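Taking it in order: structure first as structure tokens, then the write-up.
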Amino acid sequence: MLPIYLQTVMAQMQEDEQLALAEIYRQHLPLMLKIAQQYLSVQEDIEDAAHNAVLAIARNIKKVKELQSSQVAVYVALAAKSAAIDLYRKRHRQAPLPLPAELADNVNIPVEAATANSYDRVLAYIKTMPPQYIDPLILHITMDLQARDIALTLGRPVGTVKTQLRRGQKLLQKQFREMQKK
Amino acid sequence: MRTITHPDIKEAFTRLAADKLAAFEALPEADFCPSAAFEEKIQRLIRAQARWTWRFVKTTRRKVATVIAIIATLLALSLSISGVRETLYFFVTETFSTHIDFIGMGPCNVKKLTEIEEYRSPKWIPTDYTLKNHTESRIYQCYTWENDNNKILFEQHIATAYSVSVNAENTSFQKLYIGNYLIYTFEKNGLYDLYWIDGPYAYTLLCPTALGWENVTRIIESIS
């Protein structure tokens, strides 16, 4: 049995987490639904995808700090997108997944088209990277999420995410060094 | 894993995230209102966070916990079924020309007892016998009852720590069931030697044949 003060603290933490999740749901449900709608056509499937996304967010709720920040919105959007893609794959086990052009990660922006700014060139390079590396890297670099949390959010195995992060960062470092040499 | 911390790279990813978010936000609104069932499901999920069990919702952990619970339940239940119990704990017998060895064996995956947790003894003994001796240790207990001519001896051991060598020369040996117990019996010189296993314990009963099987059975059935 925990001491009463610890029970109180834990109850308070749980209450805070509940409030945070409720707030995220209230703010971002329309975003989750519209993303899921891009991949799924049946309302029940769209709702299931949103539910799975909320579940993934709930599992990582401790990592979500500023509820109003755009980082959280990105996080929610990526969770919704992954949940929708997962469900789409389940519904169409053999079919290839056609990604809407506006959602595609591998939009080809030629590196040479980038401006002189270092981060613009990095950005241009990122957009040429294999698409599966991009979402994990966004969550890792902008939100400091670890592989386990990213795996929960994106519904991928932890080992896969670790590999994607490692390879993605290796590619980035290599490219970044070359850019600096130039 | 080392994280890239260069500000330009972080900035690039932040901008990429913002671009992605803008693209997501520019998508057409969902053309339906969420159903009441969906709202209820989400509210249930939010409420469930107050319980520690919510982490098991829709996870591999839940599946693992369920499998472990099922196995534990089956194991616990199986101990109440004599057929299974006997396969869990049993005697290995080695027969020689002059004697038979009984060695108590148990399952490898169940923690072995180091001391008797439940001391058991016959609750019925023929009225002309009186208790003469009772010795008890962590791994063994023994009762002796005597009347004018004979004595009855009852022992309880930890099955997996039990082995005995029985002189089998000029004896009649048989295996029989009394109640749920498979009992190995030897009859020699006017005495019955009985050996059996019940759960993690091995028992021995030595008594005069003059008692008759009816009384022997009654003694064994009264053990609790």
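For the range B:23-32: of the residues being modelled with pLDDT of 85 or more and under 60 Å from the mean Cα position of the chain (by Cα), which is surrounded by the most Cβ atoms within 10 Å (Cβ to Cβ)? Only one residue fits best here, namely B:PHE24. Mind checking which residues of the range B:17-28 are within 7 Å of chain A (Cβ to nearest Cβ) and out of contact with any helix residue (DSSP H, G or I) (no Cβ under 6 Å at 6 or more places or on another chain)? Within the range B:17-28, B:ALA18, B:LYS20, B:GLU25, B:PRO28 meet the criteria.
Only one of the numbered conditions (1) at the interface with chain B (Cβ under 7 Å from one of its Cβ atoms); (2) without any contact (Cβ under 8 Å) to a residue 40 or more places away in the chain is not met by A:ARG26, and that is (1). When the test is whether a residue is out of contact with any Cys (no Cβ under 6 Å at 6 or more places or on another chain), modelled with pLDDT under 65 and part of a helix (DSSP H, G or I), A:MET10 passes it. Counting only strands (runs of 3 or more DSSP E) wholly contained in the range B:108-224, the ones carrying 1 or more residues that are surrounded by 15 or more Cβ atoms within 10 Å (Cβ to Cβ) occupy B:140-146, B:151-158, B:163-167, B:172-178, B:181-188, B:191-198, B:201-208.
The values are calculated or read from the model by the stated rules, or taken from the named source; none is laboratory data. Please read all numbers here as calculations on a predicted model, not as lab measurements. Reconstructed Cβ throughout: ideal geometry from the backbone, glycine too, with neighbour counts over all protein chains shown.
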